[in-house]
Amino acid sequence: MSDFQAPKGVPDYLPPESGQFVAVRDGLLDAARRAGYGHVELPIFEDTALFARGVGESTDVVSKEMYTFADRGDRSVTLRPEGTAGVMRAVIEHNLDRGQLPVKLRYSGPFFRYERPQAGRYRQLQQVGVEAIGVDDPALDAEVIAVADEGFRALGLDGFRLELTSLGDDTCRPQYRELLQEFLFALDLDEDTRRRAQINPLRVLDDKRPHVREMTAAAPLMIDHLSEAARQHFDAVLGHLDALGVNYVINPRMVRGLDYYTKTTFEFVHDGLGAQSGIGGGGRYDGLMKQLGGQDLSGIGFGLGVDRTVLALAAEGKTVGETARVEVFCVPLGEPAKLVLATLAGRLRAAGVRVDVAYGDRGLKGAMRAADRSGARIALVAGDRDVEAGTVGVKALQTGEQVDVGVDDVVTDVLARLA
Ligand code: HAM
């Protein structure tokens with residue numbers, strides 16, 4: 001056993017599986033790139049107050065899961081638990097909201113939540129996300145949702161469903177909250193649940209215990225108490241999703257773990273993952289920018305879990321990205337051949353081919369074993385006699401067939417074989 005291990009709940013991403021990770025991370029956002037979302041790279045840690053105010057003090061994320069510490073200047077900073085608050089901070093700080101609206105941004109990277117680690121739940125998790133800020137238009141909600149949906153589908157994933165609801169706005173949510181609390185306080189709830197009903201009554205609707213489920217089966221639902229404006233907004237979103245051919249189911253009991261959501265709220269759920277079935281989620285946030293000291297502008301976005309998407313693909317028996325490390329493996333036998341093959345490796349790499357070389361003067365047998373292990377389709381083999389003859393042995397590793405090719409023709413020959 002080594003002296004050190006990675007921190008609990010923090011995965012390492014190693015080859016060859018890391019190839020899949022990179023393909024998923026980049027693939028998930030390709031639809032966003034094509035829809036005009038610009039890349040942002042934001043701080044991994046921020047002022048603690050940003051998350052407390054942005055995400056909400058009453059959420060588990062803020063009250064129990066943040067990695068918060070004092071830096072050497074005694075400022076309280078927090079490793080970002082999510083992306084939206086930081087994006088909003090940057091938009092306000094750099095006045096992006098004073099320019100062309102909506103501001104459309106995309107991001108990817110690690111986020112940190114002190115959760116109990118289990119399959120699909122990590123303390124350092126990887127997300128990709130987008131935010132579209134400054135315009136409250138149902139068509140934009142539909143675009144954001146469609147971009148996430150397309151992100152998953154482009155990877156070949158299809159065993160997921162999109163759940164959707166509206167959490168209302170500030171003209172109907174406060175009344176609904178009261179109505180729900182009235183209902184909940186009339187029930188025979190335990191102390192903890194009663195407290196939750198006091199602080200965040202919606203969370204009680206998300207309680208997984210059967211007897212609580214039963215008691216709350218007839219609870220009033222936000223979707224039945226939307227204001228006229230919120231109702232119309234939601235109907236328009238559905239109309240756009242229908243037109244875009246995005247399938248969804250309405251889940252009026254959906255509860256998200258972050259406080260900023262208003263109106264359209266959604267989650268992507270995959271049934272092949274066990275308990276941690278949420279592969280992505282998002283929604284509109286009407287009050288967030290103002291809450292953080294900016295203008296009173298709305299926004300909408302999503303965060304998709306890269307780790308869970310990788311697991312979901314595995315559950316569907318699918319792979320994406322490069323499965324083999326290299327395509328060509330060079331086996332030089334002796335000094336003159338080393339020079340010849342190093343030069344050829346350089347030319348092939350310049351032509352876009354992934355090439356590795358057997359280093360360390362291994363014998364033919366050991367080097368050929370390394371070639372097989374590399375996953376390459378082709379080996380280039382040369383010794384002193386080949387160098388004298390001006391040729392290289394080009395070997396198809398699957399069939400074992402080998403032919404001599406003139407040094408100047410090797411690049412063309414290999415490219416043709418790989419095409
Ligand atoms: P979230 O639902 O908290 O939303 O996280 C988004 C996704 O990140 C989840 O659906 C899940 O796939 C993944 N995820 C969350 N926690 C973990 C974990 N501990 N381990 C592995 N994966 C995890 C947000 O973070 C919002 N900022 C999304 C958003 C953007 N809403 C509007 N704009």
Given the conditions (1) in a loop (DSSP other than H, G, I, E, B); (2) open to solvent by 40 Å² or more (accessible area, probe 1.4 Å); (3) more than 9 Å from the ligand (Cβ to nearest atom); (4) in the same structural domain as R161 (by TED's automatic domain parsing), and given that A218 satisfies all but one, which numbered condition is not satisfied?
(4)
Quick one: what pairs do we get from region 295-315, first residue more than 12 Å from I133 (Cα to Cα) and open to solvent by 40 Å² or more (accessible area, probe 1.4 Å), second part of a loop (DSSP other than H, G, I, E, B) and near the ligand (Cβ under 8 Å from one of its atoms), C-beta under 7 Å, 6+ apart or different chains?
R308/G120; R308/Q276; L311/G120
Which residue, of R106, R123, is among the basic types (K, R), under 30 Å from A314 (Cβ atoms) and either open to solvent by less than 40 Å² (accessible area, probe 1.4 Å) or away from the ligand (no atom under 13 Å from the Cβ) (or both)?
R123
Kindly indicate whether L42 is more than 15 Å from the ligand (Cβ to nearest atom) and not in a strand (DSSP E or B).
no
Residue count for region 170-227, restricted to those that are more than 19 Å from S58 (Cα to Cα) and of a type in the set (V, I, T):
4
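For (1) under 15 Å from G38 (Cα atoms); (2) in contact with an Asp or Glu (Cβ under 7 Å, 6 or more places away or on another chain); (3) free of Cβ contacts under 8 Å to residues at least 24 places away in the same chain, each residue gets a yes or a no:
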| site | (1), (2), (3) |
| --- | --- |
| S63 | no, yes, yes |
| F69 | no, no, yes |
| R72 | no, no, yes |
| L79 | no, no, no |
| E82 | no, no, no |
| G86 | no, yes, no |
| A90 | yes, no, no |
| G99 | yes, no, yes |
| K104 | yes, no, no |
Meets criteria (touching a residue at least 60 places away in the same chain (Cβ under 8 Å), outside any helix (DSSP H, G or I), more than 16 Å from the ligand (Cβ to nearest atom) and open to solvent by 80 Å² or more (accessible area, probe 1.4 Å)) for D170:
yes
Scan the helices (runs of 4 or more DSSP H) fully inside region 298-377 and keep the ones with 1 or more residues being within 16 Å of the ligand (Cβ to nearest atom).
306-315
Which residue, of Q100, Q118, is more than 13 Å from the ligand (Cβ to nearest atom) and open to solvent by 40 Å² or more (accessible area, probe 1.4 Å)?
Q100
Consider only pairs whose beta carbons are under 7 Å apart and that are at least six residues apart or on different chains; among these, list those whose first residue lies in region 256-283 and is within 23 Å of R196 (Cβ to Cβ) and among the acidic types (D, E) and whose second residue is modelled with pLDDT of 95 or more and near the ligand (Cβ under 7 Å from one of its atoms).
E267/G278; E267/G281
Listed residues Q100, Q118; which is more than 25 Å from G294 (Cα to Cα) and more than 16 Å from the chain's Cα centre (by Cα)?
Q118
Residue set V87, V61; condition within 11 Å of the ligand (Cβ to nearest atom), assigned to a helix (DSSP H, G or I), more than 19 Å from I300 (Cα to Cα) and not charged (D, E, K, R); output residue V61
So, of the residues in region 167-212 that are at pLDDT 90 or above and of a type in the set (V, I, T), which turns out to be nearest to F266 (Cα to Cα)?
V204
Do we find a residue being within 12 Å of the ligand (Cβ to nearest atom), at pLDDT 95 or above, open to solvent by less than 30 Å² (accessible area, probe 1.4 Å) and closer than 18 Å to G245 by Cα anywhere in region 127-144?
yes
Taking V310 as the residue in question, decide whether it is of a type in the set (A, V, I, L, M) and not assigned by TED's automatic domain parsing to the domain that holds G257.
no
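Rundown of residues vs (1) assigned to a helix (DSSP H, G or I); (2) out of contact with any strand residue (DSSP E or B) (no Cβ under 6 Å at 6 or more places or on another chain); (3) under 27 Å from Q118 (Cβ atoms), yes/no style:
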residue: S2; (1), (2), (3): no, yes, yes
residue: P11; (1), (2), (3): no, yes, yes
residue: S18; (1), (2), (3): yes, yes, yes
residue: R25; (1), (2), (3): yes, no, yes
residue: F51; (1), (2), (3): yes, no, yes
residue: R72; (1), (2), (3): no, yes, no
State the number of residues belonging to region 175-190 that are surrounded by 12 or more Cβ atoms within 10 Å (Cβ to Cβ) and in contact (Cβ under 8 Å) with a residue 24 or more places away in the chain.
9
Among the numbered criteria (1) among the aromatic types (F, W, Y); (2) touching a residue at least 12 places away in the same chain (Cβ under 8 Å); (3) open to solvent by 40 Å² or more (accessible area, probe 1.4 Å), which one does Y37 miss?
(3)
Being polar (S, T, N, Q) and either closer than 30 Å to G27 by Cβ or open to solvent by 90 Å² or more (accessible area, probe 1.4 Å) (or both) is the filter here; which residues of region 316-372 pass it?
T319, T323
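The values are calculated or read from the model by the stated rules, or taken from the named source; none is laboratory data. Everything numeric here is computed off the predicted structure, so don't read it as measured data. Every residue, glycine among them, receives a Cβ derived from its backbone with ideal geometry; neighbour counts consider all protein chains shown. Protein only, heavy atoms only, side chains kept; ligands, DNA and RNA dropped before computing areas. Shrake-Rupley method; radii C 1.70, N 1.55, O 1.52, S 1.80 Å.
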